[in-house]
Amino acid sequence: MRLSTKTKYGIRSLCELAENYGKGLVQVRAIAQKQQVSAKYLEHLMAMLKSAGFIRSIRGSKGGYELTRSPEKIKLSDCFATLEGDFIPADCFEDLIGCKRADECRIKNFLHELQNAVYSVIDSKTLADLINDRKQTKNISYQI
């Protein structure tokens, strides 16, 4: 299982904004430079995050982005849902009702457990948790 670059970069960008929460606006080029991401690609992600209500923007030379609420109130599960969509461990798992082998599927229960485990972890974490984890380990950049 791999996260898409969209999700990795999106959450890393949210972490940058979380770290600067309450300190003012952050320009996208500053995030892009620090995270070594294309500013153009990052603008696309920021538009997604803005439309989902995680961030707001102000235009102009002194403009930038900021979180709409505190990092403690932004769950990773919500971020993942916006950036990645639903976590479906296998294509067939998405439509077990229409699956001809659902009654005899030997991995159906495992797939359900896997899905629940992933949701349990990402639903229990917030952006603040990622920031605090980073401060404790003193990494130089966010790695997701």
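Evaluate the following for G53: is it modelled with pLDDT of 95 or more, within 22 Å of I122 (Cβ to Cβ) and in a loop (DSSP other than H, G, I, E, B)?
Numbers: modelled with pLDDT of 95 or more: yes; within 22 Å of I122 (Cβ to Cβ): yes; in a loop (DSSP other than H, G, I, E, B): yes.
Considered against the rule, which asks whether it is modelled with pLDDT of 95 or more, within 22 Å of I122 (Cβ to Cβ) and in a loop (DSSP other than H, G, I, E, B), G53 comes out as yes.
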Consider G60 against the criteria (1) part of a helix (DSSP H, G or I); (2) surrounded by fewer than 13 Cβ atoms within 10 Å (Cβ to Cβ); (3) over 16 Å from the mean Cα position of the chain (by Cα): it satisfies all of them except one. Which criterion is unmet? (1)
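Please verify whether S4 is closer than 20 Å to I131 by Cα and in contact (Cβ under 8 Å) with a residue 24 or more places away in the chain, treating the condition exactly as stated. Step through it out loud before you land on a result.
Numbers: closer than 20 Å to I131 by Cα: no; in contact (Cβ under 8 Å) with a residue 24 or more places away in the chain: yes.
No, not satisfied.
Quick check, is A18 part of a helix (DSSP H, G or I) and at pLDDT 95 or above?
The answer is yes for A18.
On the given criteria, is K40 in a helix (DSSP H, G or I), surrounded by 12 or more Cβ atoms within 10 Å (Cβ to Cβ) and under 19 Å from the mean Cα position of the chain (by Cα)?
Values: in a helix (DSSP H, G or I): yes; surrounded by 12 or more Cβ atoms within 10 Å (Cβ to Cβ): no; under 19 Å from the mean Cα position of the chain (by Cα): yes.
The answer is no for K40.
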Using the structure shown, decide if K73 is over 16 Å from the mean Cα position of the chain (by Cα) and either more than 18 Å from A18 (Cα to Cα) or touching a residue at least 40 places away in the same chain (Cβ under 8 Å) (or both). no
If we scan segment 107-118, do we find a residue that is modelled with pLDDT of 90 or more and under 29 Å from L17 (Cβ atoms)? yes
Please list, ordered by first then second residue, the pairs with beta carbon atoms under 9 Å, 6 or more apart or interchain, first in segment 46-67 and of a type in the set (S, T, N, Q), second in a loop (DSSP other than H, G, I, E, B) and surrounded by 15 or more Cβ atoms within 10 Å (Cβ to Cβ). S57/L25
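The values are calculated or read from the model by the stated rules, or taken from the named source; none is laboratory data. This structure is a prediction, so every number in the text was calculated from the model and none was measured. No Cβ is skipped: glycine too gets one built from the backbone with ideal geometry, and neighbour counts run over all protein chains shown.
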